[in-house]
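Working notes, structure below.
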Amino acid sequence: MRKDSFFLIVTIILILGIGALSTFYPKFLGVTSMLILLLILLALLVLYERSANNSKEIAVIAILGTFSAVARVPFAAIPNVQPCTFIILVSGYVFGPFAGFMIGAETALLSNFFLGQGPWTPWQMFAWGIIGIIGWLFRKFMYGKKHEFLAFLILGFFSGYLYGIIMNVWYWLAFIYRLTWQSFLMVEATSIWFDTLHALGNVIFIDLFAIRFIKLLERYKLRYGLFNKIPKNSAS
């Protein structure tokens, strides 16, 4: 059995075991959900480390993750308006799912050294990592289509709400005593305006910068032969 397969099987067993434990001890659901999330992040990080082809690809991910994190910090004064979601989406679109996830996770981890680390950090890493993967999925099914850029704008808009939902799940599990659909909807209602600002900010950043940013990353990828498994088309 390959080491990767063994690692995945062990991770899945641990996740299922922790999930089963949470059903018997629901008061610890916030802690168990955090453990499950950390296991998922660890599994993805290990799989990426084993799949990375060369040092140039690792350098690209490190640079874009740092750029995204630094870009987030000046916008902290504006509630939920942040360019990093746009950068992560485009990175996943150009470089693929693992790169998109890693850049998203790195964004949260690095930027929170300035904005504050806490139990929310792994959830932010996961949320932005998922958005990076979604950028790749969008390319896989939509590139070259007639209204690709319009669809990318719509994707950016809903990515703001997706990020908000994931972070609301963390808040709901960690701080709300009675975990019901009604209590979750109340948490959602309190954040709807912040999530809307995030969504609108994504649309603005994509509209202003996406095409030029994608072309820049595509040229770099083509020049150095990076992430060759990803198609070469770009949003238009």
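Among the numbered criteria (1) assigned to a helix (DSSP H, G or I); (2) farther than 23 Å from Leu41 by Cα; (3) touching a residue at least 40 places away in the same chain (Cβ under 8 Å), which one does Gly144 miss?
With respect to (1) assigned to a helix (DSSP H, G or I); (2) farther than 23 Å from Leu41 by Cα; (3) touching a residue at least 40 places away in the same chain (Cβ under 8 Å), Gly144 is out only on (1).
Can you pull out every residue in the range 101-135 that is in a loop (DSSP other than H, G, I, E, B) and free of Cβ contacts under 8 Å to residues at least 12 places away in the same chain?
Answer for the range 101-135, where residues must be in a loop (DSSP other than H, G, I, E, B) and free of Cβ contacts under 8 Å to residues at least 12 places away in the same chain: Gly116, Gln117, Gly118.
The rows are residues; the columns are (1) at pLDDT 90 or above; (2) of a type in the set (Ser, Thr, Tyr).
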position	(1), (2)
Ile103	yes, no
Thr107	yes, yes
Ser111	yes, yes
Gln117	no, no
Trp120	no, no
Met125	no, no
Trp128	yes, no
Leu137	yes, no
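Is at least one residue of the range 145-157 modelled with pLDDT under 90 and on the phi < 0 side of the Ramachandran plot?
Yes, some residue in the range 145-157 is modelled with pLDDT under 90 and on the phi < 0 side of the Ramachandran plot.
Check off (1) within 18 Å of Gln82 (Cβ to Cβ); (2) in contact with a helix residue (DSSP H, G or I) (Cβ under 7 Å, 6 or more places away or on another chain) for Leu197 and give me the number that stays unchecked.
For Leu197, the exception is condition (2).
Considering only the range 154-202, state which residues are surrounded by fewer than 12 Cβ atoms within 10 Å (Cβ to Cβ) and among the small types (Gly, Ala, Ser).
Ala189
Return the residue satisfying two criteria in turn: it lies in the range 130-153 and is more than 16 Å from Phe95 (Cβ to Cβ) and loosely packed, with under 15 Cβ neighbours inside 10 Å, and of such residues it is farthest from the chain's Cα centre (by Cα).
Going through the qualifying residues, I end up with Lys146.
If you go through the range 71-79 one residue at a time, do you hit one that is crowded, with 23+ Cβ neighbours inside 10 Å, of a type outside the set (Phe, Trp, Tyr), assigned by TED's automatic domain parsing to the domain that holds Phe194 and on the phi < 0 side of the Ramachandran plot?
Checked against the condition, which is being crowded, with 23+ Cβ neighbours inside 10 Å, of a type outside the set (Phe, Trp, Tyr), assigned by TED's automatic domain parsing to the domain that holds Phe194 and on the phi < 0 side of the Ramachandran plot, the range 71-79 yields no hits at all.
Scan Ala210, Ala235, Ala189, Ala174 and give me the residue that is at pLDDT below 90 and part of a helix (DSSP H, G or I).
Matching residue, one of Ala210, Ala235, Ala189, Ala174: Ala174.
Being modelled with pLDDT of 95 or more and not aromatic (Phe, Trp, Tyr) is the requirement here; does Ile165 meet it?
Numbers: modelled with pLDDT of 95 or more: no; not aromatic (Phe, Trp, Tyr): yes.
Answer is no for this residue.
Go through the range 80-100 residue by residue and tally those that are outside any helix (DSSP H, G or I) and either charged (D, E, K, R) or crowded, with 24+ Cβ neighbours inside 10 Å (or both).
2
The values are calculated or read from the model by the stated rules, or taken from the named source; none is laboratory data. Quantities reported herein were computed from a predicted structural model and do not represent experimental measurements. Ideal geometry is used to build each Cβ from the backbone, glycine not excepted, and the neighbour counts take in all protein chains shown.
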